[in-house]
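Worksheet: one structure, shown below.
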Amino acid sequence: MTDSPRDEVVVAHIHEPLEVLLQHDGDWTLVLRREFPHPVEKLWRMITEPELLARWSPIVPDRALTSPGPATCRENPGDDPLDAEVLIADAPRKLVHRWGIDVVSWTISHVPSGSRLELRQQLSDHRPAAMYAGGWQVCLGRLAAEEDGVERERVVGERAWAYGCQALIEHHQATLDGATNQEVQQR
């Protein structure tokens, strides 16, 4: 699977500017911000509707994430389920959900070029922050490449390595390494 050709449109979007912060104020929070060419309403659907999440996301819920309440998520149909729960669904601006033990918050705002997404993932331990940042960078790049009517590969799991996830993790590790009680920013 990792030997098949990469979608170069997705590769280009993966390497677009991404702001990455690691904050610590009692808890660790990984913050990623980037702009998308999609209007706010389309980006909202892409982060809440299972059939659209299945095109780009590492998690696919068993229901739309448009109202508070429990959900079950899987990366792939045969995988063991992971408990999730929507805590806040304020369409089309804010989604907060629990994903396993982590809380993930998505805030969408309008910008002239489309929309801006801020993803905040609370972490119980800062050590995997670079791994999460690299993985999210690949997934958000795939999300940015989304076009109506164009089939693109879903880049999750092992396939992310073919899209440079390891190098991204190493880059984020070098930048975030040693971050304690401070905010670290990188491009």
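Of the candidates Arg159, Arg127, Arg116, the single residue that is open to solvent by 40 Å² or more (accessible area, probe 1.4 Å), within 16 Å of the chain's Cα centre (by Cα) and among the charged types (D, E, K, R) is Arg116. Here Lys94 fulfils each of the conditions (1) within 17 Å of the chain's Cα centre (by Cα); (2) of a type outside the set (S, T, N, Q); (3) open to solvent by less than 40 Å² (accessible area, probe 1.4 Å) apart from (3).
Scanning the stretch 1-20 for residues that are over 17 Å from the mean Cα position of the chain (by Cα) and buried (at least 17 other Cβ atoms within 10 Å of the Cβ) turns up just one, Asp7. Starting from the stretch 158-187, take each residue that is at pLDDT below 75 and list its partners that are assigned to a helix (DSSP H, G or I), counting only C-beta distances under 6 angstrom and pairs at least six apart or across chains. Correct list of pairs: Val184/Leu176; Gln186/Thr175. Number of residues in the stretch 144-177 that are among the β-branched types (Val, Ile, Thr) and within 9 Å of Gly134 (Cβ to Cβ): the value is 1.
Annotation note: of Gly149, Gly135, the sole residue that is open to solvent by 20 Å² or more (accessible area, probe 1.4 Å), part of a loop (DSSP other than H, G, I, E, B) and under 22 Å from Arg55 (Cβ atoms) is Gly149. Could you identify the single residue in Ala84, Ala64 that is more than 22 Å from Glu19 (Cα to Cα) and touching a residue at least 24 places away in the same chain (Cβ under 8 Å)? Of the residues listed, the single one that is more than 22 Å from Glu19 (Cα to Cα) and touching a residue at least 24 places away in the same chain (Cβ under 8 Å) is Ala84. Each residue in the stretch 50-71 was checked for being open to solvent by 50 Å² or more (accessible area, probe 1.4 Å) and more than 21 Å from Asp7 (Cβ to Cβ), and 6 of them qualify. The set of residues in the stretch 13-36 that are in a loop (DSSP other than H, G, I, E, B) and either hydroxyl-bearing (Ser, Thr, Tyr) or closer than 19 Å to Val104 by Cβ (or both) comprises Leu18, Asp25, Gly26, Asp27.
The values are calculated or read from the model by the stated rules, or taken from the named source; none is laboratory data. This structure is a prediction, so every number in the text was calculated from the model and none was measured. With ideal geometry, Cβ positions are generated from the backbone for all residues, glycine too; neighbour counts draw on all protein chains shown. Side chains are part of the model used for accessible areas, which takes the heavy atoms of the whole protein and leaves out ligands, DNA and RNA. Shrake-Rupley method; radii C 1.70, N 1.55, O 1.52, S 1.80 Å.
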